Amino acid sequence: MIKKSLVALGALLVLFPTIAFAEDPSANQLNMGINALWVMLAAILVLLMQGGFILLEAGSTRMKNAGHVAGKTIFTLGLASIVYWAVGYGFAFGGDASDSLNKFIGLGNFFFNPEIASVDNALPSSVFFVFQLAFAAVSLSIAWGGFAERAKLSAYLIFTLFFVSVIYPVIAHWIWGGGWLAKDGAQDFAGSTVVHLTGAIGALAATILLKPRIGKFNKDGSANEILGHNQVFTALAVLILWVGWFGFNAGSTIAIGDGFFGFVAFNTQLGAAAGAVAALLISWLVNGKADITTMLNGALAGLVAITASCAFVDPWAAVVIGLVAGVLVFFSAKFFEKIKVDDPIFALSVHGAAGVWGTLANGLFATEELSQKVGIGKAGLFEGGGWGQLWVQFESVVVCGAFAFVASFIVLWVVKKAIGFRVTEEQEIIGLDLSEHGNYGYPEQMKKAGTSV
């Protein structure tokens, strides 16, 4: 056995002589490599969340729009990648601006050209770019909830250009890129505000301008339930997103380090679990039936809420944050329906209301120890830190939400006036699969049914 091993080793050294003479990598090089591998894996998990968004939106809407949902998601992901490479990343993380300008926007790194390898054993810039691109794509996919079943494909194209080049990057720069909210100590570890609230506010602007789908509301103001065509798709989507969230939150540590990413993942799991349980129980209590859609929304709301605070709070607080998010998403959905806002994917409740709550929760539950470890902000109100951190969290929600809404509304209003935002009534009844793409996502079933809705 020993003889065979020595022969095999000798053969390898002959075939690959560099192995014999290569210098041993330093500890710093090994750390860099492990960190780069971890962040790239996290980026892949976040990119795979797009599969979750495809199934979530398709399952929550009608069969006649399923192919459109899947196709436009892949198209806008491709377009967003190019736009973010050319412009968005430079506004978010470009470092060439003056100190006074850098408070509000980054400049530099446009048409980003990363180094081919790590510099000074730091995380390769190419890996960081892919990770941040995945976050931008998630925020964009959240916004599509407000477009669902009634927007023209051209509107998706134009909104992608502006959202990924300016709207999202500006907010990302304020909190993550060294902007003025970062200097104020705003705590948003993985994006309850940057990613989720920004996307949800884009969805709000869209659904206000588009107005409700045909048949959603009656003349007396009462609402009709427009059921999605596949609840199994929706449940599978939530599971895919749940798994992807570990890349989202734990990946935001940007390093293996001392294993802190495990603590972040631990809090993430607790928040999601509490959200699912609370949403099912509150729907059961109020409606007399345990509503599956509400439970699925609760799981996502728990994930959204814990995204800002996963690195700043103790596990018991993660459970509380998830429980509140699960209850909040139930009543938020009822509120938006009451004011006649048609939100087919519940983006406003899941990502908007829960995103606000998750960001504010840091101002209540962030601990001094974890705030110091992350190096951002201070302890929350219930941890002896007073009102200061809660005010900073409130400030970030209001300012980022206002900017996202005004910017998104202006872009979509111009689209509406210039080329039209919504498909015609006939096209909406036929479905976007046929009217926008000339084919059906489910050709066998739809051909049997003719053009019925």
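The values are calculated or read from the model by the stated rules, or taken from the named source; none is laboratory data. Treat the numbers as computed from the prediction; the structure is a model and nothing was measured. A quick note on method: Cβ atoms are made from the backbone with ideal geometry, for glycine too, and the neighbour counts reach across all protein chains shown. For accessibility, only protein heavy atoms count, side chains too; no ligands or nucleic acids. Shrake-Rupley method; radii C 1.70, N 1.55, O 1.52, S 1.80 Å.
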Given +1 on the Cβ of Lys and Arg, -1 on the Cβ of Asp and Glu, and no further charges, what dipole in debye does the range 27-449 carry about its Cα centre, rounded to the nearest 20? 1160
What is the spin-label model distance, in nm, from residue 116 to residue 31 if the labels are put 7 Å beyond Cα along the C-beta direction? 2.7
Roughly speaking, to the nearest percent, how much of the range 186-255's 1.4 Å accessible area is carbon and sulfur? 64
Just to check I understand the Karplus step: with θ = phi - 60° and J = 6.51 cos²θ - 1.76 cosθ + 1.60, what whole-Hz values come out for the range 126-135, glycine and proline as x? 5, 5, 4, 4, 4, 4, 5, 4, 4, 5
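Send over a whole-number figure in Å² for the accessible area per residue of the chain, probe 1.4 Å. Walk me through the numbers on the way to the answer.
Values: 19650 Å² over 453 residues.
In whole numbers, the chain has 43 Å² accessible per residue.
Within the set of other residues whose C-beta is less than 12 Å from the C-beta of residue 263, count the net charge using Lys and Arg as +1 and Asp and Glu as -1. Write down the numbers at each step before the final one.
Details: positive: 373; negative: 258, 314, 369.
With Lys, Arg at +1 and Asp, Glu at -1, the neighbours total -2.
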Round to the nearest 10 and give me the degree value, 0 to 90, for the angle of helix 66-83's Cα axis relative to the longest principal axis of the chain. 50
Residue 82-residue 426 FRET efficiency (beta carbon distance; Förster radius 25 Å; 0.05 resolution): 0.15
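In percent, how large is the relative contact order of the chain, given Cα pairs closer than 8 Å and 6 or more residues apart?
Working: 850 pairs, mean separation 96.7, N = 453.
So the answer I get is 21 percent.
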Table column - 3J(HN,Hα) (Hz), the range 119-124, Karplus curve with 6.51, -1.76, 1.60, x for Gly and Pro: 10, 6, 6, 7, 4, x
In Å, what Rg and Dmax follow from the Cα atoms of the chain? 23.5, 88
Cross-link list 64/417; 334/417; 72/183; 334/378; 340/417: which exceed 29 angstrom alpha carbon to alpha carbon? 334/417; 72/183; 334/378
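Summing Lys, Arg as +1 and Asp, Glu as -1, what charge do residues with Cβ under 13 Å from the Cβ of residue 102 carry, residue 102 excluded? Could the numbers behind the result be given before it?
Numbers: positive: 103, 183; negative: 96, 99.
Local charge sum for residue 102: 0.
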For the chain, what does -39500 (n - 2.57) per DSSP helix run (n ≥ 4), summed and divided by total residues, give at 222 nm, in deg cm²/dmol to the nearest 500? -21000 deg cm²/dmol
Taking Cα atoms, how many degrees apart are the long axis of helix 231-249 and the longest axis of the chain, rounded to 10 and kept between 0 and 90? 30
If each of residue 218 and residue 100 carries a label point 7 Å out from its Cα toward its Cβ, how far apart are those two points in nm? 6.1
C-alpha long axis of helix 260-287 to longest principal axis of the chain, angle in °: 20
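Report the relative contact order of the range 309-398, percent, no decimals, based on alpha-carbon pairs under 8 angstrom and at least 6 residues apart.
On the way: 113 pairs, mean separation 25.7, N = 90.
Once normalised by length, the contact order is 29 percent.
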State the Cα centre-to-centre distance between the range 79-122 and the range 157-206 in whole Å. 15
Sorted by packing (mean other beta-carbon atoms within 10 Å per residue), highest first, where do 280-293, 176-189, 385-398 land? 176-189, 385-398, 280-293
